[in-house]
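Just below is one structure, and these are the notes that go with it.
The values are calculated or read from the model by the stated rules, or taken from the named source; none is laboratory data. Here the structure is a predicted model, which means the values were calculated and not measured. For neighbour counting, all protein chains shown are included, and Cβ atoms are generated from backbone atoms with ideal geometry for every residue, glycine included.
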Amino acid sequence: MSSNHSMSSFKKHDHSICSDRYKASIEKYCHQNNLELTPLRQKVFEILIRGHKPLGAYEILDVLSKEGFSSSPPIAYRVLDFLIENGLVHKIQGLNSFIACAYAGCAHIPAFVICRKCDNVAEIRGEENIPKASSSSLDFKIENAMIEISGVCSMCSDAGVA
Ligand SMILES: [Zn+2]
Ligand SMILES: [Zn+2]
Ligand SMILES: [Zn+2]
(Lines give C-alpha, C1' and ligand atoms only; values in the text may rest on other atoms or scores of the structure.)
(Ligands and ions follow the chains in the order given, each with its own letter.)
Protein backbone atom coordinates (compact mmCIF):
# COMPACT_ATOMS: atom_id res chain seq x y z
CA MET A 1 0.00 0.00 0.00
CA SER A 2 1.13 3.57 0.52
CA SER A 3 4.87 3.57 0.77
CA ASN A 4 4.97 6.71 2.86
CA HIS A 5 3.12 5.00 5.67
CA SER A 6 6.17 4.55 7.86
CA MET A 7 7.05 8.20 7.48
CA SER A 8 4.14 9.23 9.65
CA SER A 9 5.47 7.56 12.80
CA PHE A 10 7.61 10.58 13.57
CA LYS A 11 5.20 13.31 12.57
CA LYS A 12 1.95 14.62 13.97
CA HIS A 13 -0.67 12.87 11.90
CA ASP A 14 -4.17 11.50 11.85
CA HIS A 15 -3.51 8.11 13.39
CA SER A 16 -6.97 6.80 12.55
CA ILE A 17 -5.72 6.49 8.97
CA CYS A 18 -2.88 4.26 10.19
CA SER A 19 -5.09 2.11 12.38
CA ASP A 20 -7.66 1.66 9.63
CA ARG A 21 -4.89 0.54 7.32
CA TYR A 22 -3.52 -1.91 9.90
CA LYS A 23 -6.97 -3.31 10.54
CA ALA A 24 -7.64 -3.76 6.84
CA SER A 25 -4.32 -5.54 6.37
CA ILE A 26 -4.86 -8.08 9.17
CA GLU A 27 -8.41 -8.78 8.01
CA LYS A 28 -7.28 -9.28 4.45
CA TYR A 29 -4.37 -11.49 5.49
CA CYS A 30 -6.50 -13.71 7.72
CA HIS A 31 -9.21 -14.00 5.11
CA GLN A 32 -6.75 -14.93 2.35
CA ASN A 33 -4.98 -17.47 4.53
CA ASN A 34 -8.05 -18.93 6.13
CA LEU A 35 -7.00 -17.93 9.61
CA GLU A 36 -9.46 -17.28 12.32
CA LEU A 37 -9.31 -13.81 13.79
CA THR A 38 -10.51 -14.68 17.29
CA PRO A 39 -11.62 -11.86 19.60
CA LEU A 40 -8.40 -12.14 21.60
CA ARG A 41 -6.18 -12.09 18.50
CA GLN A 42 -8.08 -9.09 17.27
CA LYS A 43 -7.82 -7.39 20.65
CA VAL A 44 -4.06 -7.89 21.03
CA PHE A 45 -3.54 -6.53 17.53
CA GLU A 46 -5.84 -3.60 18.22
CA ILE A 47 -3.82 -2.74 21.34
CA LEU A 48 -0.63 -2.75 19.29
CA ILE A 49 -1.93 -0.37 16.65
CA ARG A 50 -3.02 2.38 19.02
CA GLY A 51 0.23 4.17 18.39
CA HIS A 52 3.66 3.69 16.88
CA LYS A 53 5.26 2.74 20.13
CA PRO A 54 6.08 -0.94 20.57
CA LEU A 55 4.70 -2.59 23.69
CA GLY A 56 6.19 -5.18 25.99
CA ALA A 57 4.30 -8.37 26.78
CA TYR A 58 3.43 -7.11 30.24
CA GLU A 59 2.09 -3.82 28.94
CA ILE A 60 -0.14 -5.78 26.59
CA LEU A 61 -1.31 -8.04 29.44
CA ASP A 62 -2.03 -4.97 31.51
CA VAL A 63 -4.25 -3.40 28.90
CA LEU A 64 -5.98 -6.73 28.32
CA SER A 65 -6.92 -7.11 31.96
CA LYS A 66 -7.95 -3.44 32.32
CA GLU A 67 -10.23 -3.81 29.35
CA GLY A 68 -11.92 -6.95 30.56
CA PHE A 69 -9.94 -9.62 28.77
CA SER A 70 -8.83 -11.74 31.68
CA SER A 71 -6.38 -13.85 29.76
CA SER A 72 -3.55 -15.62 31.46
CA PRO A 73 -0.01 -14.87 30.33
CA PRO A 74 0.39 -18.21 28.47
CA ILE A 75 -2.70 -17.49 26.39
CA ALA A 76 -1.57 -13.97 25.58
CA TYR A 77 1.87 -15.30 24.62
CA ARG A 78 0.25 -17.84 22.33
CA VAL A 79 -1.70 -15.04 20.66
CA LEU A 80 1.50 -13.04 20.21
CA ASP A 81 3.25 -16.11 18.78
CA PHE A 82 0.40 -16.57 16.33
CA LEU A 83 0.60 -12.94 15.22
CA ILE A 84 4.39 -13.11 14.90
CA GLU A 85 4.38 -16.42 12.99
CA ASN A 86 1.99 -14.91 10.50
CA GLY A 87 4.05 -11.80 10.09
CA LEU A 88 1.33 -9.54 11.47
CA VAL A 89 3.44 -8.49 14.43
CA HIS A 90 7.20 -8.23 14.83
CA LYS A 91 9.27 -8.56 17.93
CA ILE A 92 11.88 -5.85 18.32
CA GLN A 93 14.67 -7.70 20.08
CA GLY A 94 16.53 -4.65 21.28
CA LEU A 95 13.48 -3.31 23.07
CA ASN A 96 12.03 -6.70 23.95
CA SER A 97 8.71 -5.45 22.70
CA PHE A 98 6.18 -5.95 19.94
CA ILE A 99 4.90 -3.86 17.06
CA ALA A 100 2.29 -4.40 14.37
CA CYS A 101 3.77 -5.03 10.94
CA ALA A 102 3.35 -2.17 8.49
CA TYR A 103 3.63 -4.47 5.48
CA ALA A 104 1.57 -7.49 6.49
CA GLY A 105 1.07 -9.92 3.66
CA CYS A 106 4.09 -8.66 1.68
CA ALA A 107 7.34 -10.59 1.78
CA HIS A 108 9.85 -8.25 3.35
CA ILE A 109 12.76 -7.98 5.70
CA PRO A 110 11.62 -5.78 8.55
CA ALA A 111 13.91 -2.97 9.57
CA PHE A 112 13.06 -0.71 12.46
CA VAL A 113 13.94 2.91 12.90
CA ILE A 114 13.64 3.63 16.60
CA CYS A 115 13.58 7.00 18.35
CA ARG A 116 15.49 6.53 21.60
CA LYS A 117 13.64 9.44 23.22
CA CYS A 118 9.96 8.76 22.55
CA ASP A 119 10.34 5.06 21.64
CA ASN A 120 8.27 5.53 18.51
CA VAL A 121 9.20 3.13 15.76
CA ALA A 122 8.86 3.23 12.00
CA GLU A 123 9.14 0.04 10.04
CA ILE A 124 10.92 0.23 6.73
CA ARG A 125 11.55 -2.55 4.27
CA GLY A 126 15.06 -3.80 4.79
CA GLU A 127 15.47 -5.33 1.35
CA GLU A 128 14.69 -2.00 -0.31
CA ASN A 129 16.77 0.08 1.98
CA ILE A 130 19.71 -2.24 2.40
CA PRO A 131 19.66 -3.78 -1.07
CA LYS A 132 23.16 -5.12 -0.96
CA ALA A 133 22.34 -7.64 1.74
CA SER A 134 19.55 -9.15 -0.34
CA SER A 135 21.19 -8.91 -3.73
CA SER A 136 22.05 -12.12 -5.50
CA SER A 137 25.60 -10.90 -6.13
CA LEU A 138 26.35 -11.47 -2.48
CA ASP A 139 25.64 -15.18 -2.94
CA PHE A 140 23.82 -15.30 0.28
CA LYS A 141 20.25 -16.12 1.17
CA ILE A 142 18.97 -14.18 4.13
CA GLU A 143 16.94 -16.31 6.51
CA ASN A 144 16.60 -13.97 9.39
CA ALA A 145 17.41 -10.33 9.69
CA MET A 146 16.92 -7.99 12.55
CA ILE A 147 17.73 -4.47 11.59
CA GLU A 148 17.25 -1.94 14.36
CA ILE A 149 18.37 1.59 13.75
CA SER A 150 18.24 4.05 16.62
CA GLY A 151 18.34 7.81 16.74
CA VAL A 152 16.19 10.81 17.56
CA CYS A 153 13.08 11.75 15.63
CA SER A 154 12.29 15.28 14.51
CA MET A 155 9.49 15.69 17.06
CA CYS A 156 11.91 14.94 19.88
CA SER A 157 14.80 16.97 18.54
CA ASP A 158 12.55 20.00 17.92
CA ALA A 159 11.21 19.81 21.45
CA GLY A 160 14.54 19.21 23.09
CA VAL A 161 16.59 22.24 24.09
CA ALA A 162 19.40 20.01 25.35
ZN1 LIG B 1 -0.14 6.65 12.99
ZN1 LIG C 1 6.80 -6.04 8.73
ZN1 LIG D 1 11.01 10.76 19.20
(request) Output the number of the condition that E128 fails; it satisfies all remaining conditions of (1) outside any loop (DSSP other than H, G, I, E, B); (2) away from ligand 2 (no atom under 13 Å from the Cβ). (result) (2)
(message) Return the residues of the range 51-64 that are within 16 Å of ligand 3 (Cβ to nearest atom) and either among the basic types (K, R) or farther than 26 Å from D14 by Cβ (or both); say none if nothing qualifies.
(response) K53
(request) Would you mention how many residues in the range 79-103 are small (G, A, S) and modelled with pLDDT of 95 or more? (result) 2
(message) Tell me yes or no: at least one residue of the range 98-114 is away from ligand 2 (no atom under 14 Å from the Cβ) and surrounded by fewer than 19 Cβ atoms within 10 Å (Cβ to Cβ).
(response) no
(request) Report yes if some residue within the range 136-155 is surrounded by 13 or more Cβ atoms within 10 Å (Cβ to Cβ), in contact with an Asp or Glu (Cβ under 8 Å, 6 or more places away or on another chain) and part of a strand (DSSP E or B); otherwise report no. (result) no
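Given K28, K53, K12, which one is touching a residue at least 60 places away in the same chain (Cβ under 8 Å), surrounded by 12 or more Cβ atoms within 10 Å (Cβ to Cβ), of a type in the set (K, R) and in a loop (DSSP other than H, G, I, E, B)? Reasoning before the result, please.
Details: K28 fails: in a loop (DSSP other than H, G, I, E, B); K12 fails: surrounded by 12 or more Cβ atoms within 10 Å (Cβ to Cβ).
Sole residue among the options that is touching a residue at least 60 places away in the same chain (Cβ under 8 Å), surrounded by 12 or more Cβ atoms within 10 Å (Cβ to Cβ), of a type in the set (K, R) and in a loop (DSSP other than H, G, I, E, B): K53.
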(message) Looking only at the range 91-108, how many residues end up being over 11 Å from G56 (Cα atoms) and within 16 Å of ligand 1 (Cβ to nearest atom)?
(response) 5
(request) List the number of the failed condition for D119; all other conditions in (1) in contact with a helix residue (DSSP H, G or I) (Cβ under 7 Å, 6 or more places away or on another chain); (2) in contact (Cβ under 8 Å) with a residue 24 or more places away in the chain hold. (result) (1)
(request) Please determine, by comparing only the residues of the range 65-120 that are of a type in the set (G, A, S) and in a strand (DSSP E or B), which one is nearest to ligand 3 (Cβ to nearest atom). (result) S97
(message) Being more than 11 Å from the chain's Cα centre (by Cα), surrounded by fewer than 17 Cβ atoms within 10 Å (Cβ to Cβ) and closer than 17 Å to I147 by Cβ is the filter here; which residues of the range 78-97 pass it?
(response) Q93, G94, N96
(message) When you scan the range 85-103, do you find a residue that is in contact with a Ser or Thr (Cβ under 7 Å, 6 or more places away or on another chain), within 23 Å of I49 (Cβ to Cβ) and in contact (Cβ under 8 Å) with a residue 60 or more places away in the chain, even just one?
(response) yes
